[in-house]
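J.: Pasting a structure here, questions to come.
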Amino acid sequence: MDLTLREATFNDAQLIADITRAAWSGKVAVTSSGHRETAVQVQQHLQNGGGFILLLHDDPIGSVRWLPQDTDANVWDILRMGILPPYRGRNLTQHLLEAVVHHAQTANVAELRLAVRNDQSRLLDLYAAYGFEVAPELEYAHANPLEPAPTVMRRFLKH
């Protein structure tokens, strides 16, 4: 498989918004704000944090973003990770997740967090395999107030 991963630029904002909406279609509840993702929102995320795009034979098939928390720049939230439907079931999400972990370690970030929607609880085991632990004491900073609170997971990074 000819997979490559590249860091996203501002010029990728529309592409990432399209990937997010397509990856979440039929997979994540329609009430999720990811279904209404816009290039403007993506640009804000890229400006304040960053992102990666996963390519197969130079075709974009997935993306992920991260944002430092407003209250602690040493803590990054992983956001909007998704793989397009035709490419699911091949463990490709791991490439996106590992890229963010490695980038955070290089940037000397202390902790990564992500949220798992209640309707996506099967992902808890996937993220646990990558060293994330459920942190019931934490609230997700980007939670949709119209939905049940997601489960927050965290991973402390060693420097």
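The values are calculated or read from the model by the stated rules, or taken from the named source; none is laboratory data. Since the structure is predicted, the reported quantities are computational estimates derived from the model, not experimental observations. In this analysis, Cβ positions are derived from the backbone assuming ideal geometry, glycine residues included, and neighbour counts consider all displayed protein chains.
J.: When the residues of the range 127-138 are filtered to those that are free of Cβ contacts under 8 Å to residues at least 24 places away in the same chain and outside any loop (DSSP other than H, G, I, E, B), which remaining residue is farthest from V100 (Cα to Cα)?
T.: Checked the range 127-138; the qualifying residue farthest from V100 (Cα to Cα) is V134.
J.: For the range 144-152, indicate whether the set of residues that are closer than 26 Å to S25 by Cβ and in contact with a Pro (Cβ under 7 Å, 6 or more places away or on another chain) is non-empty.
T.: No.
For (1) in a strand (DSSP E or B); (2) surrounded by 15 or more Cβ atoms within 10 Å (Cβ to Cβ), each residue gets a yes or a no:
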site: I61; (1), (2): yes, yes
site: R80; (1), (2): yes, yes
site: D125; (1), (2): no, no
site: Y140; (1), (2): no, yes
site: L146; (1), (2): no, no
site: R155; (1), (2): yes, yes
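J.: Scanning for something touching a residue at least 60 places away in the same chain (Cβ under 8 Å), buried (at least 19 other Cβ atoms within 10 Å of the Cβ) and more than 19 Å from D12 (Cα to Cα), does the range 94-115 turn up at least one residue?
T.: No, because not a single residue in the range 94-115 is touching a residue at least 60 places away in the same chain (Cβ under 8 Å), buried (at least 19 other Cβ atoms within 10 Å of the Cβ) and more than 19 Å from D12 (Cα to Cα).
J.: How many residues are farther than 14 Å from P68 by Cα and assigned to a loop (DSSP other than H, G, I, E, B) when one looks only at the range 103-123?
T.: 3
J.: Might you let me know whether the range 130-151 holds any residue that is in contact with a Ser or Thr (Cβ under 9 Å, 6 or more places away or on another chain) and acidic (D, E)?
T.: Looking for residues that are in contact with a Ser or Thr (Cβ under 9 Å, 6 or more places away or on another chain) and acidic (D, E), one finds at least one in the range 130-151, hence yes.
J.: A further question on this structure: If we keep just the residues of the range 72-113 that are basic (K, R) and within 16 Å of L56 (Cα to Cα), which is modelled with the highest pLDDT?
T.: Going through the qualifying residues, I end up with R90.
J.: Pull up the range 1-26, narrow it to residues that are part of a loop (DSSP other than H, G, I, E, B) and touching a strand residue (DSSP E or B) at 6+ places or on another chain (Cβ under 8 Å), then point me to the one that is surrounded by the most Cβ atoms within 10 Å (Cβ to Cβ). Break it down stepwise before answering.
T.: We begin by selecting, within the range 1-26, every residue part of a loop (DSSP other than H, G, I, E, B); these are 1-2, 8-9, 25-26.
Those still in the list that are touching a strand residue (DSSP E or B) at 6+ places or on another chain (Cβ under 8 Å) too: 1-2, 8.
Values: M1: 7, D2: 8, A8: 20.
Looking at residues that are part of a loop (DSSP other than H, G, I, E, B) and touching a strand residue (DSSP E or B) at 6+ places or on another chain (Cβ under 8 Å), I get A8.
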